[in-house]
């Protein structure tokens, strides 16, 4: 492949939204990708003729959804790299709790070319990647970590039923360092591998929980599970980035997925510790609402 062709193919993967496209260029993304940019800058919006802002809607673009999902955790922690003591347990508990909840139930209004999303999430296991970090963790480095996990765990199947989450340490050298998280996919033996990268979110302004509340007594993990909540919903409803996203004429809204349009909707904390969502077993989290296309609102009510 010539350099010119490689550059053209890379350009074709960039999102149309300018902020998304810039983030993709920064990390060297070579496949379709979508970022959680958190507290995005307030750009001047071009007002359409008639003087009104476009309504937020979700449009279907013909692709598949994740009807059911099994979540696999990849803890990329080389020697000497650490996370807060309760980080892994709180993240693991989230995946044990979310399936069957009213939060995940919002996704069941979305169907794709392969059927309708069901309120079903299964924890698939975890693996620790001890490979040393590169000087800068870009897109290819995250893909390589997922490939190492698949090679080390032959029982972890790629395909539309699986989600792979790569989580790195507080001091990981994240390329660009301008996003909260992202999701993307790549091909492995003709199957789609759908993955998300969740770096330490407190290092980026706007990626922390609202007002830095922390029901699990650690801002890092409470902010990380908020990012996981965001990416999980968008992977399920738009796994190959060709299913559900906005066709708004506003270039800063165009391409927004179902968590983006509700990114500031955290409702009112239920508890003094800041938790706004309590799962059936009592585990407490800070989550954001998701866009319910049937009702045209952010849901559930938080």
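The values are calculated or read from the model by the stated rules, or taken from the named source; none is laboratory data. This structure is a prediction, so every number in the text was calculated from the model and none was measured. All Cβ positions, glycine included, derive from the backbone under ideal geometry; neighbour counts span all protein chains shown.
Couple of notes before you dig in:
Condition check ((1) in contact (Cβ under 8 Å) with a residue 60 or more places away in the chain; (2) out of contact with any helix residue (DSSP H, G or I) (no Cβ under 6 Å at 6 or more places or on another chain); (3) over 19 Å from residue 256 (Cβ atoms)) across all residues:
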position: 192; (1), (2), (3): no, yes, yes
position: 195; (1), (2), (3): no, no, yes
position: 198; (1), (2), (3): no, no, yes
position: 209; (1), (2), (3): yes, no, yes
position: 214; (1), (2), (3): yes, no, yes
position: 218; (1), (2), (3): yes, yes, yes
position: 221; (1), (2), (3): yes, no, yes
position: 226; (1), (2), (3): yes, yes, no
position: 231; (1), (2), (3): yes, yes, no
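- Any hit, the range 257-276, residues being surrounded by fewer than 17 Cβ atoms within 10 Å (Cβ to Cβ) and modelled with pLDDT of 90 or more: no
- Any hit, the range 131-138, residues being closer than 20 Å to residue 69 by Cα and surrounded by 16 or more Cβ atoms within 10 Å (Cβ to Cβ): no
- Given (1) farther than 21 Å from residue 220 by Cα; (2) in contact (Cβ under 8 Å) with a residue 40 or more places away in the chain, index of the condition residue 298 fails: (2)
- Residues of the range 68-92 that turn out to be modelled with pLDDT of 95 or more and buried (at least 17 other Cβ atoms within 10 Å of the Cβ), as a count: 13
- Test: residue in the range 40-52 that is within 19 Å of the chain's Cα centre (by Cα), over 19 Å from residue 249 (Cα atoms), surrounded by fewer than 18 Cβ atoms within 10 Å (Cβ to Cβ) and modelled with pLDDT under 95: no
- Exclusive hit being modelled with pLDDT of 90 or more, over 23 Å from residue 92 (Cβ atoms) and crowded, with 24+ Cβ neighbours inside 10 Å, set 196, 236, 243, 224: 243
- The residues of the range 167-197 that are under 17 Å from the mean Cα position of the chain (by Cα), within 19 Å of residue 73 (Cα to Cα) and in a loop (DSSP other than H, G, I, E, B) amount to a single one, 180.
- Hits in the range 73-89 - residues which are within 19 Å of the chain's Cα centre (by Cα) and in contact (Cβ under 8 Å) with a residue 40 or more places away in the chain: 73, 74, 75, 76, 87
- Given (1) surrounded by fewer than 17 Cβ atoms within 10 Å (Cβ to Cβ); (2) outside any loop (DSSP other than H, G, I, E, B), index of the condition residue 100 fails: (2)
- Breaking point among (1) touching a helix residue (DSSP H, G or I) at 6+ places or on another chain (Cβ under 9 Å); (2) over 18 Å from residue 30 (Cβ atoms); (3) in a loop (DSSP other than H, G, I, E, B), for residue 205: (1)
- Every residue from the range 109-156 that is in contact (Cβ under 8 Å) with a residue 40 or more places away in the chain, out of contact with any strand residue (DSSP E or B) (no Cβ under 6 Å at 6 or more places or on another chain) and assigned to a loop (DSSP other than H, G, I, E, B): 113, 114, 117, 118, 120, 130, 131, 132, 133, 138
- For the range 90-97, the count of residues that are within 17 Å of residue 290 (Cβ to Cβ) and part of a loop (DSSP other than H, G, I, E, B) is zero.
- Filter result for residue 16 (under 19 Å from the mean Cα position of the chain (by Cα), surrounded by fewer than 20 Cβ atoms within 10 Å (Cβ to Cβ) and modelled with pLDDT under 80): yes
- Yes/no for residue 168 being modelled with pLDDT under 95, buried (at least 23 other Cβ atoms within 10 Å of the Cβ) and closer than 17 Å to residue 91 by Cβ: no
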